[in-house]
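The values are calculated or read from the model by the stated rules, or taken from the named source; none is laboratory data. Just so we're clear, the structure is a prediction, and the values are computed from it rather than from any experiment. Please note: Cβ atoms are built from the backbone with ideal geometry, for glycine as well, and neighbour counts cover all protein chains shown.
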């Protein structure tokens, strides 16, 4: 399966070790003066080490690798003591990876590893994962804010997560677990006035453009992983009537075939003036 892991440029790495201390999962070690990924199995793909690197030697890439294993991580780091365990669990919690977080807590309980749970409620640290705009955020349980300045009635938003661009999304993110997913072309939200109320309500969102985006095969891989490992319920593909937009539906079909799971896919086609032309299960 493909998932996000880190890649280290040895030519840029100065051996400072900052990334090693920043990786609470224990995926990195200093060997012969260079940072080395010792196991894909331990890399959670959330990129805490990126912000720790002073030379820009680390980046996130997608590659074929085993699924991340939280139990294996807990077994590996538990010998390092409570500080490392707390740092690891807070790292998962701050990225809204609640399923992995709960697995870690359960492992501690089952193995009689005592930790001070109150330390998990401390103030979140400054984001250290490169671009803060790509940090995962789950809005499902966040109450609406009244701080926004509007000139009329506040528009209803149905957005449940961040980010939304398919290249930036982790297919194993908590908001995809057993979710109904909307895969929307970039232009569709601009052509249909009630995009949120009509199409996005109660769905996780991914947006993409089959004409302008690069590496479309990675889209197939990500959607396939959503279907296979996150067990999404349905996939709705919202596209425009222009010919190039049909590529997004083909990507969804290819992902379903690759996953080996025949999940329902609905295709909705909009006109360039925002009218619904067709709506069919495919």
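Pull up segment 89-104, narrow it to residues that are outside any loop (DSSP other than H, G, I, E, B) and out of contact with any helix residue (DSSP H, G or I) (no Cβ under 7 Å at 6 or more places or on another chain), then point me to the one that is farthest from residue 137 (Cα to Cα).
Checking each candidate, the answer is 102.
Might you let me know whether segment 202-221 holds any residue that is assigned by TED's automatic domain parsing to the domain that holds residue 182, in contact with a helix residue (DSSP H, G or I) (Cβ under 7 Å, 6 or more places away or on another chain), surrounded by fewer than 20 Cβ atoms within 10 Å (Cβ to Cβ) and over 27 Å from residue 5 (Cβ atoms)?
yes
Mind listing whichever residues of segment 21-39 are part of a strand (DSSP E or B) and crowded, with 22+ Cβ neighbours inside 10 Å?
Those that are part of a strand (DSSP E or B) and crowded, with 22+ Cβ neighbours inside 10 Å: 28, 35.
Please determine, by comparing only the residues of segment 40-62 that are in a helix (DSSP H, G or I) and without any contact (Cβ under 8 Å) to a residue 60 or more places away in the chain, which one is surrounded by the most Cβ atoms within 10 Å (Cβ to Cβ).
49
So which residues in segment 244-280 are farther than 16 Å from residue 213 by Cβ, outside any strand (DSSP E or B) and either without any contact (Cβ under 8 Å) to a residue 24 or more places away in the chain or in contact with a helix residue (DSSP H, G or I) (Cβ under 6 Å, 6 or more places away or on another chain) (or both), if there are any at all?
First, pick out the residues of segment 244-280 that are farther than 16 Å from residue 213 by Cβ: 253, 256-280.
In the following step, the residues that additionally are outside any strand (DSSP E or B) were identified as 253, 256-264, 271-275.
Those that are farther than 16 Å from residue 213 by Cβ, outside any strand (DSSP E or B) and either without any contact (Cβ under 8 Å) to a residue 24 or more places away in the chain or in contact with a helix residue (DSSP H, G or I) (Cβ under 6 Å, 6 or more places away or on another chain) (or both): 257, 258, 259, 261, 262, 263, 274, 275.
Table: residues versus (1) out of contact with any strand residue (DSSP E or B) (no Cβ under 7 Å at 6 or more places or on another chain); (2) assigned to a loop (DSSP other than H, G, I, E, B); (3) surrounded by fewer than 18 Cβ atoms within 10 Å (Cβ to Cβ); (4) modelled with pLDDT of 80 or more.
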residue	(1), (2), (3), (4)
130	yes, yes, no, no
140	yes, yes, yes, no
144	yes, yes, yes, no
153	yes, yes, yes, no
182	no, no, no, yes
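Would segment 63-85 turn up any residue that is touching a helix residue (DSSP H, G or I) at 6+ places or on another chain (Cβ under 9 Å), surrounded by 22 or more Cβ atoms within 10 Å (Cβ to Cβ) and assigned to a loop (DSSP other than H, G, I, E, B)?
yes
Select from segment 199-243 the residues that are in contact with a strand residue (DSSP E or B) (Cβ under 8 Å, 6 or more places away or on another chain), free of Cβ contacts under 8 Å to residues at least 40 places away in the same chain and assigned to a loop (DSSP other than H, G, I, E, B) and list them in ascending order.
Across segment 199-243, the qualifying residues are 209, 241.
Criterion first (outside any helix (DSSP H, G or I) and closer than 20 Å to residue 95 by Cα) does residue 170 satisfy it?
yes
Could you tell me whether segment 113-122 includes any residue that is part of a helix (DSSP H, G or I), over 30 Å from residue 56 (Cα atoms) and modelled with pLDDT of 90 or more?
Looking for residues that are part of a helix (DSSP H, G or I), over 30 Å from residue 56 (Cα atoms) and modelled with pLDDT of 90 or more, one finds none in segment 113-122, hence no.
Being farther than 15 Å from residue 194 by Cα and exposed (fewer than 13 other Cβ atoms within 10 Å of the Cβ) is the filter here, so list the residues in segment 265-280 that pass it.
Matches in segment 265-280: 277, 278, 279, 280.
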